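Read the figures in this text as sums done on the coordinates, not as results from a lab. Computed from a predicted structure; not experimentally measured. Counting neighbours? That spans all protein chains shown, and the Cβs are built from the backbone with ideal geometry, glycine included.
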Amino acid sequence: MTTKLNIQPGIMGVKPYVGGVSKIEGNANAIKLSSNENPLGPSPKAIAAYQAEAGHLHRYPSESHAGLRELIAATYKLDVDRILMGCGSDEIISFLCRAFAGEGDEVLYTEHGFGMYQISARLSGATPVSVPEKNRVTDVDALLGACTENTRLIFLANPNNPTGTMTPDAEIARLADNMPEGCLLVLDGAYADFVYGFDGGAGFVEARDNVVMTRTFSKIFGLGGLRIGWGYGPKDVMEVLSRLRGPFNVSSAALVTAKAALEDTEYTEHCRAENEKWRGWLAAELEKIGLPSDPSFANFILIRFKDEEEALAANAHMNENGLIVRMVANYNLPHAMRITIGDEQSCRQVVAALTEFKAG
């Protein structure tokens, strides 16, 4: 007889996160533009640091992550004692839900928001609440209207994924100032480094006691395979989150590589400039053939087709041409396609394939 298991609330309601497709059967040379990865890869200095760490893999990593935390604090002018490292920023999101939202509580996120928000909410036993956006931009009035006495967390990615749009500072301030007492606003800054002069929400964290920021090394720094991110928030919030963290949740290889990547500011600037150049070019060229997109502040664009049928046909055509992009029906955008900004050759191939598709 099978033992009856006591499964915690919310777990069986989770639909596992599905990442971007990475392969096309029968095409070993397909170009992957489905996961918002840096097409230029990590900094050569970061690669060298990773290789140098290979001889020390028998040693446990730093439990305090002090070296990297100190560099992050110096780079972004933050309080080192309020920085918490995670196995990707996903882990920080999970910690926030586990710490502050449980059965009977509600976690709000925008309808086109990152899929891990609702997954982490359900895993903590809380109820995820999807709130409509307005033309693929965060609607602060809708978020405030959806708040109840049970609202504990509001997740807002800025820039947002998969839309690429940004929420103005004034609107974020209005949201933070009018949320229910006892609610935290979480500003997910995974793509913040692609925006010139943008602090990812750090200023809001410094000025208020109800805002937390998350960041990652997966995007502009090109370290998605190492799973390393961080969070920054009020001291009392971060002290709570630190109690959920395992002592060695970030590997030594991830720590030294992320440090080298952050130190190589010249390479990061190069990646930012290349992304901006080809993002603008790609959006403009696709607009010419009737495929509009909102101004994107990230390393991808979200193009729109007349309907889901056309979007699916376009995706099939892209695959036939060895291009892997991301369909986003699961983000309530069945008529749209998210395309990571690749290098020059990749961007030109995308335009050629979609021009051919539209020509019929």
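For this structure, a couple of remarks:
- If the condition is being in contact (Cβ under 8 Å) with a residue 40 or more places away in the chain and surrounded by fewer than 19 Cβ atoms within 10 Å (Cβ to Cβ), then region 178-197 contributes 195, 196.
- Test: residue in region 137-152 that is within 20 Å of residue 91 (Cβ to Cβ) and under 20 Å from the mean Cα position of the chain (by Cα): no
- Test: residue in region 212-232 that is charged (D, E, K, R) and either without any contact (Cβ under 8 Å) to a residue 60 or more places away in the chain or assigned to a helix (DSSP H, G or I) (or both): no
- Which listed residue, of 52, 46, 74, is farther than 23 Å from residue 184 by Cα, among the aliphatic types (A, V, I, L, M), touching a Phe, Trp or Tyr at 6+ places or on another chain (Cβ under 8 Å) and assigned to a helix (DSSP H, G or I): 46
- Per-region count, region 43-88, residues within 21 Å of the chain's Cα centre (by Cα) and of a type in the set (S, T, N, Q): 2
- Residues that are outside any loop (DSSP other than H, G, I, E, B), within 20 Å of residue 279 (Cβ to Cβ) and in contact with a helix residue (DSSP H, G or I) (Cβ under 7 Å, 6 or more places away or on another chain) within region 289-326 comprise 293, 301, 303, 314, 318, 323, listed in sequence order.
- Matching helices (runs of 4 or more DSSP H) fully within region 81-175 where at least 2 residues are over 30 Å from residue 293 (Cβ atoms): 89-100, 116-123
- Among residues of region 277-303, those that are crowded, with 18+ Cβ neighbours inside 10 Å, in contact with a Lys or Arg (Cβ under 9 Å, 6 or more places away or on another chain) and free of Cβ contacts under 8 Å to residues at least 60 places away in the same chain, counted: 1
- Scan of region 198-213 for residues that are crowded, with 19+ Cβ neighbours inside 10 Å and under 28 Å from residue 271 (Cα atoms), ordered by number: 200, 201, 202, 204, 205, 212, 213
- Summed over region 330-346, residues that are over 29 Å from residue 110 (Cα atoms) and part of a helix (DSSP H, G or I) total 3.
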